[in-house]
Amino acid sequence: MGKYFGTDGFRGEANVDLRVEDAFKVGRFLGWYYKDQHPEKRCRIVIGKDTRRSSYMFEDALSSGITASGADVYLMHVTTTPSVEYIVRVDGFDCGIMISASHNPYYDNGIKVISGSGEKIDDRTIELIEDYLDGRSGDIPLALRDDIGRTVDYAAGRNRYIGYLISIADRSFKGVDVALDCANGSASSIAKPVFDALGARTHVMACEPNGTNINDGVGSTHIDSLREFVLREGCHIGFAYDGDADRCLAVDEKGNVINGDQIMYACGKLMKEDGELRDDTVVVTVMSNFGLFKAFDREGIGYEKTQVGDRFVYECMSQKGYSLGGEQSGHIIFSKLATTGDGILTSLRLMEVMLARKCEASKLWEECPMYPQCLKNIRVTDKQTAMEDPEVQEAVDRVAEELGDTGRILVRGSGTEPLIRVMVEAPTEEQCEMLVDRVLEVIRQRGLSAEG
């Protein structure tokens, strides 16, 4: 991770951590950089945004910077992150930009830069952008006269993506009542048209964005709203997306929440049966539930673990050719269909599983129960010191020994804050919490905590 760009772009509170001048300079650099890479042709950069009020401001700033450097901007307007990644790839753009802070509150925003292959930008290019932001790489020339770039309306790109999603489904959804929680975000303009076209009886909530209500008590990070909606509307299944619709969680007809691990189990099992699961292996992160590993072991499905972040999941999948991977949070990647987590695509694939099995949604996860899990954060003065403290390590080892093969403990530092995250999975909620608290108490006793 860089100074400004984390695992998912340059993110922070609008006009505080992420300023208009930052967006302008990112645009200036990208317009110049990609134009310089291919001087024989006109540079083209496509931009999408979510529904935050500040997204319009950053769209204007990025566009101004790009066109001032002599590249052309194509605006997809309000759309999803996966749609930008798809359009960059299939329409031959030099790069793409998505303006979104995903599941964060409305006052945050972010700039995600996407390579010409539809993947997250590489670390070297991030370093170059940050050098320019900090004034370490000199000035960039302004375009003059007919070299100045132009801005083009490209809403057609979003419509093309909708058509692509519709084409993926092999079955009609006729007669199925589907609930969609669009989080008042990017999915608001895409999810319903897709499910309507496939014949579902579509029930939609949180689909009236006003600039400040994105993720506000709705979406994949506030799943209880969808649970209530599914039960009230009598739906067969429901799907909740986050602000930019690159993740998806589900709710079955009984109101049970289905997380990303259970989605990977249901999809992975069918893909293995159909010969579509490369090397019979799924890529997961270290945060995936112990119950998923047990279920995969029973089904003869292997798994590779990466660090947390869909970027790392995709890198592993890309290097080894795996066809399915994801995170418990709902970032699910089907590598034959997309280069990133795609919430709407995930919901379509899960519908296919339910229809193929000819069963109620609740039957899909019965063989993959989740172990009780407790995750707590503690603010520390120094993450590395806390992680390497001998007495802390000894406490962690004692917990691991006590759990044996009935659970596990995971201790890791936050990638963005001075926090240590302690997670335990065990047969009971009480045991989980007791063991987590035991480790946290050692951190406090050692004087490593920064809490008051």
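Every read-out reported here was derived from the displayed coordinates using simple, explicitly stated rules and does not represent laboratory data. Just so we're clear, the structure is a prediction, and the values are computed from it rather than from any experiment. Glycine also receives a Cβ, built like all others from the backbone with ideal geometry; neighbour counts cover every protein chain displayed.
Considering only beta bridges that DSSP places wholly inside the stretch 175-304, some 35 percent are antiparallel. Protection proxy ranking of 211-223, 118-130, by the mean of other Cβ atoms within 10 Å over each peptide's residues and highest first, is 211-223, 118-130.
With a bin width of 10 angstrom, please list the P(r) values of the stretch 373-445 as percents of all Cα-Cα pairs, from the 0 bin to the one holding the largest distance. The calculated distribution, bin by bin, is 22, 56, 22, 1.
Per the Debye calculation on the stretch 275-340 with a single equal scatterer at every Cα and no solvent contribution, log₁₀ I(q)/I(0) for q = 0.13, 0.14, 0.22, 0.29 Å⁻¹ amounts to -0.29, -0.34, -0.86, -1.38. At a Förster radius of 22 Å, what calculated FRET efficiency corresponds to the Cβ-Cβ distance of N256 and R379, to the nearest 0.05? Once the sixth-power term is evaluated, E becomes 0.05.
Computed from the Cβ-Cβ distance with R0 of 51 Å, the FRET efficiency linking R298 to Y56 stands at 0.55. Centre-to-centre separation between the Cα atoms of the stretch 15-36 and those of the stretch 107-152: 5 Å. Fully extending the segment from D216 to R232 would add 3.7 nm, taking 0.36 nm per residue of separation and subtracting the current Cα-Cα distance.
Can you tell me how much longer the chain between E391 and A156 gets when fully stretched, taken as 0.36 nm per residue apart minus their C-alpha distance, in nm with one decimal?
Roughly 78.7 nm would be gained on extension.
Sorted into 20 angstrom bins from 0, the C-alpha pair distances of the chain split as 24, 55, 21, 0 percent. Of the three principal axes defined by the Cα atoms of the stretch 60-108, the extents in descending order read 34, 25, 13 Å. Here the stretch 249-280 and the stretch 352-410 have alpha carbon centers that stand 19 Å from each other. Of the trypsin sites (Lys or Arg not before Pro) found in the stretch 286-335, not one falls in a DSSP loop while having at most 13 other beta-carbon atoms within 10 Å. The slack in the chain from E417 to C359, taken as 0.36 nm per residue of separation less the alpha-carbon distance, amounts to 16.5 nm. Once both labels are positioned 7 Å from their Cα atoms along Cα-to-Cβ, the gap between E367 and E40 label points is 5.4 nm. Highest-first packing order for the peptide set 70-79, 429-438 is 70-79, 429-438, based on the mean count of other beta carbon atoms within 10 Å. Qualifying GluC sites (Glu not before Pro) in the stretch 2-66, where qualification requires a DSSP coil assignment and no more than 15 other C-beta atoms within 10 Å, comprise E40.
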